[in-house]
Amino acid sequence: MPVQPPPFSIDPARLYDVGQDGIPRTDTGEAPEWLSLRHRRLLGWVALGSLIVGGLAGLCVLCFILGARLWAAAFALAMMAATPLLGIGPVLDWWRHRRPYRRRHHSRSPDFPPG
C-alpha cells in the first residue's frame, strides 16, 4: 500500500503552548546558529565555569594527596559553591534571546491567524 501524504500540513506560525495553568503562550525565539557570536558567548560562559570548577576540583585533589585535609575540604566547598557558574551562559542566553519572544496571552492573540 503506497504511503499517502497527511490530509493537512502544520503551519508553525499557528503553534502555541498551553501550560498547566491553562494560559496559552507563543514562543517565536530561535536557537543560536552554530558558532555565531551568540553561540560562542554561550560556549565561553560554560567553558569558563567548567575551568573554574575543574581547577578547584584539581586543587582539592592535590591538597588531599599532599595531606592538607583542611585545605582540601575548603577547595571542595568552593568547588560546590562554584558549580552554579555552569548555568550562567544558558540563563543569560534565555534572558536575552528567548524570554523577550515568549508571550503570554489571556485570549487568542490578534496576530494569530484565524482558523
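The values are calculated or read from the model by the stated rules, or taken from the named source; none is laboratory data. Quick caveat, the model's predicted, so the values are computed rather than measured. All Cβ positions, glycine included, derive from the backbone under ideal geometry; neighbour counts span all protein chains shown.
Taking first residues from the stretch 39-57 that are without any contact (Cβ under 8 Å) to a residue 24 or more places away in the chain and partners that are of a type in the set (Phe, Trp, Tyr) and in a helix (DSSP H, G or I), the Cβ contacts under 8 Å between residues at least 6 apart in sequence or on separate chains come to Ala57/Phe75.
The set of residues from the stretch 29-39 being of a type outside the set (Ser, Thr, Tyr) and more than 11 Å from Asp93 (Cβ to Cβ) comprises Glu30, Glu33, Trp34, Leu35, Leu37.
Could you please let me know if Arg103 is part of a helix (DSSP H, G or I), on the phi < 0 side of the Ramachandran plot and modelled with pLDDT under 90? No, not satisfied. Considering the stretch 1-59, and only residues there that are modelled with pLDDT under 80 and polar (S, T, N, Q), the residue that is nearest to Arg104 (Cα to Cα) turns out to be Thr26. Trp71 meets the conditions (1) in a helix (DSSP H, G or I); (2) aromatic (Phe, Trp, Tyr); (3) closer than 30 Å to Arg104 by Cβ in every case but one. The failed one is (3).
Being in contact with a Leu (Cβ under 6 Å, 6 or more places away or on another chain) and small (Gly, Ala, Ser) is the filter here; which residues of the stretch 56-81 pass it? Answer for the stretch 56-81, where residues must be in contact with a Leu (Cβ under 6 Å, 6 or more places away or on another chain) and small (Gly, Ala, Ser): just Ala78.
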